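Undergrad: Sending over a structure as structure tokens; questions will come in a sec.
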Amino acid sequence: MSIPTNHPRRQSLLIREKIVEGFRNGIVVAQGLIAHGRGEAFDYILGEVTPPPVREAITVAAAVLLTAKQPVISVNGNTAVLVGKEVVKLSNILGAKIEVNLFHRVPGREIKIRDYLIKCGADSVLGVGDDASATIPELMSERRRVSPHGILIADVVLVPLEDGDRTEALTKMGKTVIAIDLNPFSRTSQKATITIVDNVVRTIPILIDTVLELKCKTRRELENIVKSYNNKEVLGKIIEYLYSRLREASRLKLFLEKCSNK
Ligand code: PTJ
């Protein structure tokens, strides 16, 4: 579909097209379209920017990833089509593994996602076919199937666009979970160790830049960045930020109503 270059919502519509194309190619599931719409609604309130408290979470996430022994980036259908190339770049900089992990594990879909990530430049992708032979305890969904060489032994897992159950199960296993989720109220956001309330299309490039910036720091300096971080406090700041935007919009609405009554 051609989107006029001067369309005020061009960027958002281009992203939507990627998701729709991913759906047509069998990478994104129908439920992924719904999840994307939910994300768009939150992004609208966020103002489609990455505000300061979110940047704080991204900096801490970068420091955690740089100090991790076995970092893994978990990829589902939406993430693959939205930021496949960027995920590969991040994994190369960090030396992190990429693993496909799906809620809707229909036959052959993980192969399509793996092939897509390889097209994006990945050397190897875990969690496909027999490689997903390990299980996350207490988890009943298809997300429980993980690679014994990836998520099972990871100390840090980056989970863009997740559902809450696995985040909770992974943290119970003692792993540090970094979630990217536009909904600050979701179980994922509430249960993750570090929550980045932002659109994955903005976060991954910022995360790459931040990792590159922090790469020259010593382990002690990186640990100091992480030490004072409080996820609940940062989530509170983000909710306050969303609230202030809504409050501002409602004041503007009252003002416009007053003007039109004159
Ligand atoms: O590919 P699969 O089979 O693993 O399925 C993937 C989906 C996304 C369908 C599955 O994980 C799912 O159903 O997720 P939920 O429970 O709908 O949660 C998705 C969350 O991601 C919601 O809180 C959305 O607000 C958020 N979200 C959607 N798009 C984005 C996003 N967060 C960040 N960036 C986005 N672009």
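Undergrad: Could you look through the stretch 21-37, keep only residues that are surrounded by fewer than 15 Cβ atoms within 10 Å (Cβ to Cβ) and part of a helix (DSSP H, G or I), and pick out the one that is nearest to the ligand (Cβ to nearest atom)?
TA: 31
Undergrad: When the residues of the stretch 170-192 are filtered to those that are free of Cβ contacts under 8 Å to residues at least 40 places away in the same chain and more than 16 Å from the ligand (Cβ to nearest atom), which remaining residue is nearest to residue 136 (Cα to Cα)?
TA: 173
Undergrad: Do the conditions hold for residue 124, that is, is it away from the ligand (no atom under 16 Å from the Cβ) and farther than 16 Å from residue 207 by Cα?
TA: Yes.
Undergrad: Answer yes if at least one residue in the stretch 3-15 is away from the ligand (no atom under 15 Å from the Cβ), touching a Gly at 6+ places or on another chain (Cβ under 6 Å) and part of a helix (DSSP H, G or I), and no otherwise.
TA: There is no residue in the stretch 3-15 that is away from the ligand (no atom under 15 Å from the Cβ), touching a Gly at 6+ places or on another chain (Cβ under 6 Å) and part of a helix (DSSP H, G or I).
Undergrad: If you go through the stretch 130-169 one residue at a time, how many are within 16 Å of the ligand (Cβ to nearest atom) and of a type outside the set (Lys, Arg)?
TA: In the first step, residues of the stretch 130-169 are kept if they are within 16 Å of the ligand (Cβ to nearest atom); the result is 132, 136, 139-147, 150-151, 157-169.
Okay, now just the ones that are also of a type outside the set (Lys, Arg), so 132, 136, 139-142, 146-147, 150-151, 157-165, 167-169.
Adding up the residues that qualify gives 22.
All of the numbers you see were taken from the coordinates with simple rules; none came from a lab. The model shown is predicted, which means the values in this text are computed figures rather than measured ones. Reconstructed Cβ throughout: ideal geometry from the backbone, glycine too, with neighbour counts over all protein chains shown.
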